[in-house]
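Worksheet: one structure, shown below.
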Amino acid sequence: MNGLLHDLRYAVRQLRKSPGFTAVAVITLALGIGASTAIFSAVDSVLLRSLPLREPGQIVRLQEYHQRAMNVTGATFRDVRERNRVFSQVAAYRIFRQNLSDPRQSLPPEEIDAAFVSEDFLPLLQVQPVLGRGFASDQFLDKAPASVILSYGLWRHHFGSDPEILGKNITLHGEPALVAGVMPLSFSFPPGVQAWMPLPPDRAIPQNRIAHLFTTLARVKPGIAMEAVRADLQVIANQLHQENRSIDPGFSLSAQRWQENMVSGVRPALLVLLTAVALVLLIACANVANLLLSRSVTRQREIAVRTALGATRFRIARQVLTESMLLGLIGGTAGTGVALCSMKMLRTAYPAALPGFAPALDLRALAFAFAASLLASLLFGCIPALQSVDFNVHAQLAAGGRSTASFGRQRARTLLVVSEVALAMVLLAGAGLLIRSLILLHNVDRGFNSAGLAFVQVTLPDSRYAELPQRVQFVDSVLERLRTSPGVQSVAAAGTLPFMPVPATDLEIQGHVSEPGNEPEAEILTATPDYFRTLGIRFLAGRSFGPQDVAGRPMALVINHAMAQRYWPGESAIGKRVVMKDWGPPLPGEVVGVVSDVKQDSLETESQPAIYYNFAQFEQGTLSTYLIVRTSAPIQNMAAAIRDHIWAVDREQPVTVELMDDVVSGSLERRRFVLSLLGTFAGLALLLAFVGIYGVIQYSVSQRTHEFGIRMALGAQQHQVLLMVLRQSLRKLAVGILLGIAAALAVTRLMTSLLFGITATDPTTFAVMTTVLLAVALLASYLPARRATRIAPNIALRYE
């Protein structure tokens, strides 16, 4: 221990004697360790931590398969709950928008997401309210008075943490609802939900096998393996096939652990980022190792003297490793600050990219930072420690203080530079692929013009808007008022908007014969006549909805190009008849127009067949409606006018004005999150590679200054010496780049799910990134070589 303390004190003195070297090494390590800790914290909180529930590994999500995974129908939920032998509870929920108003406060009405949950929902999650006992069984009966459990956040910000709220009525969607409890602060499932309400049988629609409306969870009985769960679900699916011949022949049931299901969408991105940040840390370690190797050359005489006085090689190596450990710990300490700032910046810039990620340096993150510091210390300290004892003591003492680099040191430094270049190439290739993917996505034709487009989502309470004429009157009144506002170019209303996926519905199509279970399908949308003009959607044939298309008249349909091409290729779709079957009694209609395709799901997916129904004719429409405004004025100046026009018709409507550009941008948020981080890591790797190459070439040139003086004294020109240095440097760079390309071709295949429009081996991207890296590396080589060749030959000849 005394020897270790002596080594530590000596290491502190050595680092204090070289503040420039210490600062560069600490900053390099802080960047690498800080970035690694920030990404680890995100991976830990999203992928590694168990959900804050009792025995979360026993909770699974159930889905139906009809050529693709889908939510569960009310009938399937009932069948699984009654027939299974492997679950202790089965629960379903569906989220509805609800208008919240509280007459006791002067707060404006607020729109919240409320989850309507089945009776087993809270017992399955094993969660108890912090206030109240939750729902009673009789509250799940048909016609039971409405009741609600509030989230902790809603109780705090809207009701002022009122402890007397239990047993009182609040107004949800224009009707009283009895407060039955308040959830714990830590409970936030489903994400974003602020209230939970009972799901009575009439809303569960247990006879419906068509509408896939419910997210369904189940708790597996103790000791039951997933293989047994899947086998039991297969038995239930076979029974349903035998009992219901109309069920899709491809129908099956699946179960996936809940946590795996929740993180499956973000897992590839986080694993790519974790790999990238590990490469950055390796480059940082290589850079610091190069710094230590350069510094060890200047300390050769000191080490030789200590060896001559009796210090063993082990003792010298231990001293060098102690200095490396101290550097690593200082860099790790600084890195925790970098990590905390990075996490907060990520959460602020991309709040929705990582659900469940809370920026905080907890014990696990601090332990990772400490472990990364020690590992980095060993990585960058071992080579200098071994090289520090690999020299001839007598030759060094006889050299009179001149420091020379051994062949082993030169080879180690060259190997480190080649490694830096190769790792930087991998990161640049990954970043380049993501950049090209994002550019291609931005160039995708979305089918509408989002510039200057604002919208307000209103949810009409069925207590006052149960009938279609009431909803139509509200929409017409608001749109008429909005048209009079200065700067408004066009207004419309719709049941949904682009980038808001809707389920497909089975159809009967004139002229199209289909087998049972394989019926044609299309997305069902509703819109007012000016919807297409307001969004800038082009008509390809026919007309929009007209004054004659009202309730009681034949149903007019506008379809998209994808539907026309799929079901009536090579002929006109105008006048064709379509019958929708899923939303109640068969609903016949006639195609009157064809419009261009709109990206309904996302920019990445192909447009699916879609049917637009006239808002004024569609009785089966939902109570949630989007009011759309195209304006030439800044939306900030229009928001108050839009709100006043809506409140002039219905004062209890919550109003939040949003931009369609924000919706489009939000659909790419996760991609931009991954790209910004990977791009930052690639830029950092490029900078570190530049510094490493510059340092190696600078040191090599300084060692050969005497040689350059001789060459120039014998007639060599400056440009000849410069080209000689660059050729020797280029050989090292070529090896690193070739190794990096080979590694990148293997590693980037892991990014396939993050790419769009290109392959993981896109030659254009690799060529561009190779050129960028080569240009930076040659610049790093050129600067020190140019400086050395400008020294006068007589000075260079005297250089030591």
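The values are calculated or read from the model by the stated rules, or taken from the named source; none is laboratory data. Note that the structure is a prediction, hence the values are computed from the model and not measured. Positions of Cβ are backbone-derived with ideal geometry, glycine not excepted, and every protein chain shown enters the neighbour counts. Side chains are part of the model used for accessible areas, which takes the heavy atoms of the whole protein and leaves out ligands, DNA and RNA. Shrake-Rupley method; radii C 1.70, N 1.55, O 1.52, S 1.80 Å.
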Accessible heavy-atom area order of Thr215, Thr605, highest first, probe of 1.4 Å: Thr605, Thr215
If you filter the range 513-600 for GluC sites (Glu not before Pro), then keep DSSP loop positions with at most 11 other Cβ within 10 Å, what is left? Glu571
For Ser463 and Asn244, calculate 0.36 nm times their separation in residues minus their Cα-Cα distance, and state this gained length in nm to one decimal. 75.2 nm
What FRET efficiency comes out for Ser161 versus Asp113 if R0 is 30 angstrom and r is the Cβ-Cβ distance? Round to the nearest 0.05. 0.90
Cα-projected label distance for Leu185 with Thr656, points at 7 Å along beta-carbon direction, nm: 2.3
Report, for the chain, the % of DSSP beta bridges that are antiparallel, rounded to 5. 80
Antiparallel %, DSSP beta bridges [both residues in the range 547-700], to 5: 60
According to a simple spin-label model (label point 7 Å from Cα along Cα-to-Cβ), what is the distance in nm between Asp362 and Ala144? 3.5
1/(1 + (r/R0)^6) with r = Cβ-Cβ of Leu271 and Gln718, R0 = 51 Å, i.e. FRET efficiency to nearest 0.05, evaluates to 0.55
Rounded if a/c is under 1.5, else prolate if a/b is larger than b/c, else oblate: which is the range 84-217, with a ≥ b ≥ c the root eigenvalues of its Cα gyration tensor? prolate
Taking the alpha-carbon distance from Lys168 and a cut-off under 23 Å, which lysines remain once sequence neighbours fewer than 8 residues away in the same chain are dropped? Lys143
Would you check the accessible area of Tyr152, probe 1.4 Å, heavy atoms only, in square angstrom rounded to 10? 60
Cross-link reach list, aspartates and glutamates versus Lys581, counting only Cα pairs under 12 Å and skipping chain neighbours closer than eight places: Asp506, Glu508, Glu519, Glu521
Relative contact order [Cα under 8 Å, 6+ residues apart], the chain, whole percent: 17
With every protein chain kept in the model, how would you rank Met580, Met262 by accessible area, 1.4 Å probe, largest at the top? Met262, Met580
Pull out the extension gain between Ile27 and Asn637, defined as 0.36 nm times the separation in residues minus the alpha carbon to alpha carbon distance; nm, one decimal. 215.0 nm
Once both labels are modelled 7 Å past Cα along the beta-carbon direction, what's the Arg577-Glu480 spacing in nm? 3.6
Evaluate the charge dipole of the chain about its Cα centre and quote only its size in Debye, nearest 20, assuming +1 on the Cβ of each Lys and Arg and -1 on the Cβ of each Asp and Glu. 4960
Calculate for the chain the 222 nm mean residue ellipticity that helices alone would give, adding -39,500 (n - 2.57) per DSSP H run of length 4 or more and normalising by residue count, nearest 500 deg cm²/dmol. -16500 deg cm²/dmol
In terms of the alpha carbon gyration tensor, root eigenvalues a ≥ b ≥ c, rounded if a/c is under 1.5 and otherwise prolate when a/b exceeds b/c or oblate, the range 487-624 is rounded
So how much accessible area does Met345 have, in Å² to the nearest 10, using a 1.4 Å probe? 130
Karplus-derived 3J(HN,Hα) from phi for the range 547-563 (6.51 cos²θ - 1.76 cosθ + 1.60, θ = phi - 60°), whole Hz, x at Gly and Pro, runs x, 6, 8, 10, 4, x, 9, x, 6, 8, 10, 10, 10, 8, 4, 4, 5
Is the chain best put as rounded, prolate or oblate by its Cα gyration tensor, with a ≥ b ≥ c the root eigenvalues, rounded for a/c under 1.5, and otherwise prolate when a/b is larger than b/c, oblate when not? prolate
Computed E for Leu375/Asp601 - FRET, C-beta separation, R0 41 angstrom, nearest 0.05: 0.40
Residue ranges of DSSP H helices in the chain that stretch 27 Å or more (Cα, own long axis) and have mean Kyte-Doolittle hydropathy of at least 1.6 are 19-43, 267-298, 363-388
Gain on full stretching of the segment that runs from Ala231 to Ser18 - 0.36 nm per residue minus C-alpha separation: 69.9 nm
Determine how large the accessible area of His241 is when every protein chain is in place; take a 1.4 Å probe and give Å² rounded to the nearest 10. 50
